[in-house]
Amino acid sequence: MADLIDVLAPHEQEGTKASVRAFLKAVGDTVAVDEPLIELETDKVAMEVSAPAAGVLAEICAEAGADAPPGMLLARIRVGVAEAVPAAPMPAPVHADAAPEMRLSPAVRRAVAEHRIDPQQIDASGRGGRLTRADVDAHVAALAAATDVPAPSVSLRSPPPPEGEDLRSSPSGGGA
């Protein structure tokens with residue numbers, strides 16, 4: 001007999017409120033232990049909820065966009081299903097445009113917007129072909145090197161005073 005294992009929203013969440021962003025698997029898909037199943041998003045981060053057991057995704061209990069308070073039931077996995085456990089190996093890094101809809105973490109979205117870059121032009125190296133902040137930073141550095149434009153720098157030093165000027169004198173001329 002196959003048992004059902006609950007997949008719950010994490011009790012430790014970074015941010016004020018989490019919501020279900022997307023399901024990475026569909027009902028009937030086989031899942032391995034620690035394989036990403038659900039993507040949650042808070043005001044600070046996007047995080048993945050992994051499978052607590054190997055088996056078959058039997059039920060999705062929350063909808064995309066729904067609030068996900070700590071401990072909420074998100075899905076159920078049927079364990080004990082004979083020969084239904086082999087997990088596919090993690091894919092090699094793929095170009096980001098291979099995904100029909102790109103899922104970007106808040107940090108990646110900010111970096112892409114800040115540098116005005118099309119995320120589909122960046123090679124993704126994250127888990128499952130996801131785009132990471134490091135991918136964006138490396139792309140920006142490669143663009144800067146390719147165009148041979150030095151990165152903007154900010155000098156915190158004041159220019160040197162003209163020769164002969166006494167630095168101890170008051171600019172208002174009201175010295176001792």
Cut-off is 10 Å between beta-carbons; in what order do 147, 30 appear when sorted fewest neighbours first? 147, 30
Taking the number of other C-beta atoms within 10 Å as the exposure measure, put 35, 63, 14 in order starting with the fewest. 63, 14, 35
Would you mind getting me the FRET efficiency between residue 110 and residue 141? Use the beta-carbon distance for r and R0 = 25 Å, nearest 0.05. 0.90
Please order 60, 38 by the number of other Cβ within 10 Å, starting at the fewest. 60, 38
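Every number in this text was worked out from the coordinates using simple rules, so none of it is lab data. Note that this is a predicted model, so its numbers are computed, not measured. Quick reminder, even Gly has a Cβ in these numbers, built from the backbone with ideal geometry, and neighbours come from all protein chains shown.
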